[in-house]
Amino acid sequence: MRKAAAVVSCLLLAACAGAPQVYEVKEVYLCAADECGPAGRRYSTAQVLQALYRFFKANEGKDFKVCESDISTRHCASEGLGYFVMGGPIPGIGSQASGSLSDVKLDAANQAVRGTMTSALRFIGTPLVCASHPSTISVRTADEITITDEPYYCNWMGIGNMTATFSFAVESIDLDKGRIGGYWAHAVAGNAGGRGSGYGLIEFPERMPAGENWLGK
């Protein structure tokens, strides 16, 4: 019964937060080698996929930061992404401010970059213990790019068991500054429940070196 309940919770959670907000993105704004513009008008799907693979490979195993932002500025307006969570009888803010992607591999046949994600989540300021989990960066076209984590287990202070999901519809890529912007959706279900969404940035420590162009131009 417990396993069945966990599966049901996972499916319900995926329905809530697993569908990236692709409808919000009309075109991906891409900057590389000091040139910016709509990705689909300038580059092929294969070029963007290869550039993202090189970008994530350069940042393999290194901590990235996430923050709230808005599409007009594409600058961080907070530390982490936060939303209301009901932790059993305890109300509070659940958040994620960082993470890392390891085991980065190119899946050219499926137009994707795959890796193992480690997410640093908190509830009312206390870190959760979360399992590492598969994550996929899908490049369906140069203007339709999503980041999707498979549902993963987290525990809060030994008593709160929950499943979490995260998805991100990419709206902008800046290889020169090491930033990816887009519409995020995050949720937890189990002993704690809540979900949130908005526009945010993922900031990486490594960027495309000056004088290089990972888009092959």
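Some notes on this structure:
Conditions (1) touching a residue at least 12 places away in the same chain (Cβ under 8 Å); (2) farther than 23 Å from Gly61 by Cβ; (3) surrounded by fewer than 22 Cβ atoms within 10 Å (Cβ to Cβ), marked per residue:
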position: Arg140; (1), (2), (3): yes, yes, yes
position: Asn161; (1), (2), (3): yes, yes, yes
position: Ala169; (1), (2), (3): yes, yes, no
position: Asp176; (1), (2), (3): yes, no, yes
position: Arg195; (1), (2), (3): yes, yes, yes
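- Residue within segment 185-192 that is out of contact with any His (no Cβ under 8 Å at 6 or more places or on another chain), buried (at least 18 other Cβ atoms within 10 Å of the Cβ) and under 29 Å from Ala33 (Cα atoms) present: no
- Extreme residue, nearest to Ile137 (Cα to Cα), among residues of segment 82-103 that are under 22 Å from the mean Cα position of the chain (by Cα) and hydrophobic (A, V, I, L, M, F, W, C): Leu101
- Filter result for the condition that a residue is in contact with a strand residue (DSSP E or B) (Cβ under 8 Å, 6 or more places away or on another chain), of a type in the set (Ser, Thr, Tyr) and buried (at least 19 other Cβ atoms within 10 Å of the Cβ), over Thr146, Thr126: Thr146
- Single match in Ala14, Ala32, Ala19 (criterion: small (Gly, Ala, Ser) and at pLDDT 50 or above): Ala32
The values are calculated or read from the model by the stated rules, or taken from the named source; none is laboratory data. Small disclaimer: the values here were computed from a predicted structure and weren't measured. A quick note on method: Cβ atoms are made from the backbone with ideal geometry, for glycine too, and the neighbour counts reach across all protein chains shown.
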